[in-house]
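Inspection log for the structure reproduced underneath, given as structure tokens.
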Amino acid sequence: MSTRYTRSLPAGSTADPAVPRPAPRRDIAVFLLVAFAGNWLLWTPVVLGWLPSGPGLVGTDATPVALAISATSMFTPALGVLVATRRLRRPASLPGATGLTSPCPRGRLIGYCALALALFPAINLGTLAAGSLLGLYKADLTGLSGLREALDIAPGTPVLWPALATAAVLFLVGVPLMVGEEWGWRGYLEPRLQPLGLLPMVLISGLIWGLWHLPVAFLGDREPLLWLPAYVVDCTLSGALLCWLRLRTHSIWPAVVGHAAISGFPGAVITVWLHDMDRPFDAFAVEVLGGWVSWVLKAAVLLVIVAVGGFRPWSPPVPARPGTGVCP
């Protein structure tokens, strides 16, 4: 039987009003059980080698079957939210308590969505630029041999419109898929970890998110023992940035946009698309999803955000008079 919580907290509080203190361990455990069990069950055929995982489509590591598994698995965190809130503890307003709706002004919300759309591609391009300076990556910006190889476009054939169309599909298809993940991780899990404190919330949620992604390490020609810890580190850093977007807006939508830029376009393909086919690159160094160069850049961005006090949860202005609207 579910319990409905309506306890209120002071304006500007970091915690979800539907979340009891201390952190609700049983709620979290049920959510994680559903999210992990569903995800690993779907990925079992790939992890055990029963299904081929590569070479992938349009520069990714995933075959059509693996992409279908990946897309389906992204909804397992959302399923975890539904099970946990229906069977254990149901907020008075599930959309409001999990960031689907927000008291954040529309302009601020759109602004942070735009910031997310710019930030993660900038980190991606910065990773490749730094890799080039370090001699770890060679881009081909004239012949675009990597892009032509990924999209199977012959030399001399126009590449702009096929590339733009593919990029649009990767991003636009990615957005609704990321809702399934972000509703679970940033919408449900992180507020329930907030009673532990901001730093533990960021570190624990990032670690959990990384562990949930571990089946991805078995895609393509990657060495799982190398990429398993790499994904944990990368998800902790990327998750911290997505958590920051959530805190600053009380909404999951900027994190959804940011996640689509990480796992869709450009994050999933930009390293392959821009590289010189005659110069193989070290994926562990410059891959924007797990490469150590990207860790340095993401950590630097996080340090700047912390230095300017950006991890303070957004507090809406106090209404001038009662009845004008109160934000959590």
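The values are calculated or read from the model by the stated rules, or taken from the named source; none is laboratory data. Please read these numbers as outputs of a predicted model, since none were measured by experiment. All Cβ positions, glycine included, derive from the backbone under ideal geometry; neighbour counts span all protein chains shown.
The set of residues from segment 136-146 being assigned to a loop (DSSP other than H, G, I, E, B) and among the hydrophobic types (A, V, I, L, M, F, W, C) comprises LEU136, LEU141, LEU144. Annotation note: Cβ proximity below 7 Å between a residue of segment 105-117 that is in contact (Cβ under 8 Å) with a residue 40 or more places away in the chain and a residue that is among the charged types (D, E, K, R) and surrounded by 13 or more Cβ atoms within 10 Å (Cβ to Cβ) (sequence gap 6+ or interchain) occurs for TYR112/ARG248.
Consider THR142 carefully, then state whether it is over 22 Å from VAL286 (Cβ atoms), free of Cβ contacts under 8 Å to residues at least 60 places away in the same chain and β-branched (Val, Ile, Thr). Answer is no for this residue. Taking segment 123-135 on its own, how many of its residues are within 26 Å of HIS259 (Cα to Cα) and either not hydrophobic (A, V, I, L, M, F, W, C) or not in a helix (DSSP H, G or I) (or both)? Total meeting the criteria: 5.
Identify, please: which residue in segment 122-139 is free of Cβ contacts under 8 Å to residues at least 60 places away in the same chain and under 27 Å from the mean Cα position of the chain (by Cα) and is, among those, surrounded by the fewest Cβ atoms within 10 Å (Cβ to Cβ)? Full working, then the answer.
Pass one, segment 122-139, residues free of Cβ contacts under 8 Å to residues at least 60 places away in the same chain: 122, 129, 132-133, 135.
Within this subset, residues satisfying the condition of being under 27 Å from the mean Cα position of the chain (by Cα) are 122, 129, 132.
Values: ALA122: 13, ALA129: 15, SER132: 16.
The residue in question is ALA122.
For segment 215-230, which positions are modelled with pLDDT under 85 and in a helix (DSSP H, G or I)?
If the condition is that a residue be modelled with pLDDT under 85 and in a helix (DSSP H, G or I), then PRO215, VAL216, ALA217, PHE218, PRO224, LEU225, LEU226, TRP227, LEU228 are the ones that fit.
Restricting to segment 265-311, give me the number of residues that are in contact with a strand residue (DSSP E or B) (Cβ under 8 Å, 6 or more places away or on another chain) and among the charged types (D, E, K, R).
Qualifying residue count for the region: 1.
Any idea which of (1) within 23 Å of GLY310 (Cβ to Cβ); (2) without any contact (Cβ under 8 Å) to a residue 60 or more places away in the chain; (3) in contact with a Leu (Cβ under 8 Å, 6 or more places away or on another chain) is the one GLY187 doesn't satisfy? It fails just one condition, (2).
Given the condition touching a Phe, Trp or Tyr at 6+ places or on another chain (Cβ under 8 Å), modelled with pLDDT of 90 or more, surrounded by 18 or more Cβ atoms within 10 Å (Cβ to Cβ) and closer than 29 Å to PRO313 by Cα, answer yes or no: does some residue in segment 33-48 qualify? Among the residues of segment 33-48, at least one is touching a Phe, Trp or Tyr at 6+ places or on another chain (Cβ under 8 Å), modelled with pLDDT of 90 or more, surrounded by 18 or more Cβ atoms within 10 Å (Cβ to Cβ) and closer than 29 Å to PRO313 by Cα, which makes the answer yes. In the set (1) under 21 Å from LEU177 (Cβ atoms); (2) assigned to a loop (DSSP other than H, G, I, E, B); (3) among the hydrophobic types (A, V, I, L, M, F, W, C); (4) at pLDDT below 90, the condition left unmet by CYS104 is number (1).
Go through PRO229, PRO162, PRO215, PRO200 for me and flag whichever is in contact with a helix residue (DSSP H, G or I) (Cβ under 8 Å, 6 or more places away or on another chain), closer than 26 Å to VAL286 by Cβ and surrounded by fewer than 17 Cβ atoms within 10 Å (Cβ to Cβ). Working first, answer last.
Numbers: PRO229 fails: in contact with a helix residue (DSSP H, G or I) (Cβ under 8 Å, 6 or more places away or on another chain); PRO215 fails: surrounded by fewer than 17 Cβ atoms within 10 Å (Cβ to Cβ); PRO200 fails: closer than 26 Å to VAL286 by Cβ.
Going through PRO229, PRO162, PRO215, PRO200 in turn, the sole match is PRO162.
I need the full set of residues from segment 278-303 which are under 15 Å from SER132 (Cα atoms), part of a helix (DSSP H, G or I), small (Gly, Ala, Ser) and in contact with a helix residue (DSSP H, G or I) (Cβ under 7 Å, 6 or more places away or on another chain), in order please. Within segment 278-303, ALA285, SER294 qualify. Among the conditions (1) within 30 Å of SER93 (Cβ to Cβ); (2) at pLDDT 90 or above, THR127 misses just one, which is (1).
Just wondering, is there one or more residues in segment 231-245 that are modelled with pLDDT of 85 or more, over 23 Å from VAL34 (Cα atoms) and aromatic (Phe, Trp, Tyr)? Yes, segment 231-245 has at least one match.
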